[in-house]
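K.L.:
One structure, as C-alpha cells, below. Some questions next.
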Amino acid sequence: MAAAPMDAAPMDAAPMAAPPHDPEATLTRTLARHSGFNRAARSQTTLSRARILWIDDHPKWVAKPAETLKRLGARVTIVRTTQDGIRALGRVPGPDSRPFDVILSDIARGSRMDAGIRALPQLKQLAPGTPVIFFVGKLDRSLGVPKGAAGITNRTNELLHLVMDALEGR
C-alpha cells in the first residue's frame, strides 16, 4: 500500500476554514458581475483623475457607492447640505486641487422634497459645464431626468455608467 503524500490532509481532518474577508477579492467579484463596475474598472485612469462632489444629507446611504468610486481612484468629497456644496464649489483651487469634474446629489434633503432640483441652477452657475447627476432612494422613471441634470438613477451600477459618461464627455 502506497503512503499518502506528506502534504495530504488526513481523511478525517476538518475542512479548511474560509479565508478571512478580502476586500480586493470582493471588489473583483463585484466588478465581474456588474457592467457599470466592470466599465469603471477598465477606465480606472479616467476615474483616477476625477474629483466628485457628492451632496447628500444621509452620507451613510451613499457610503458604499462612494467607497466604490474611491477604490476605483476618484477623489470623492461628501457634504450634507446644499450650502456646504456651494461652499465646496466656491473654494479657490490650490496647487494640489482643481475644480470638481462631476456633482452627485440626492433630490430630497431635510423637509424639502425638491432641494436638489432647487439647487441645480445655483450649482450650474458656480460650476458651469460640470455635470450634475441625481442619485435617489426611490425613482419614478416616468418623471424623466430633471432639466439641467446629466442623469438620474437609484442604482449604483447605473450611477457608475452615468459618472463615466460624464467624465468621458458623452
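K.L.:
Name the one entry in Gly94, Gly90, Gly129, Gly110 that is at pLDDT below 90 and at positive phi.
P.N.:
Gly110
K.L.:
Can you tell me how many residues within the stretch 130-162 are under 23 Å from Ala88 (Cα atoms) and in contact with a helix residue (DSSP H, G or I) (Cβ under 7 Å, 6 or more places away or on another chain)?
P.N.:
Total meeting the criteria: 12.
K.L.:
Same structure, new question: Can you list the helices (runs of 4 or more DSSP H) found entirely within the stretch 55-158 that contain at least 1 residues being open to solvent by 50 Å² or more (accessible area, probe 1.4 Å), under 24 Å from Gly169 (Cβ atoms) and touching a residue at least 40 places away in the same chain (Cβ under 8 Å)?
P.N.:
Where helices (runs of 4 or more DSSP H) fall fully within the stretch 55-158 and carry at least 1 residues being open to solvent by 50 Å² or more (accessible area, probe 1.4 Å), under 24 Å from Gly169 (Cβ atoms) and touching a residue at least 40 places away in the same chain (Cβ under 8 Å), they are 63-71, 115-126.
K.L.:
Follow-up question, since we're still on this one. If you check Thr46 against the conditions, is it closer than 30 Å to Lys138 by Cα, among the β-branched types (Val, Ile, Thr), modelled with pLDDT under 85 and surrounded by 12 or more Cβ atoms within 10 Å (Cβ to Cβ)?
P.N.:
Taking the combined requirement at face value, the residue satisfies it.
The values are calculated or read from the model by the stated rules, or taken from the named source; none is laboratory data. Keep in mind that what you see is a predicted model, and the values were worked out from it rather than measured. Don't worry about glycine lacking a Cβ; one is built from the backbone with ideal geometry, like all the others, and counts go over all protein chains shown. Side chains included, ligands, DNA and RNA excluded: accessible areas come from the protein's heavy atoms. Shrake-Rupley method; radii C 1.70, N 1.55, O 1.52, S 1.80 Å.
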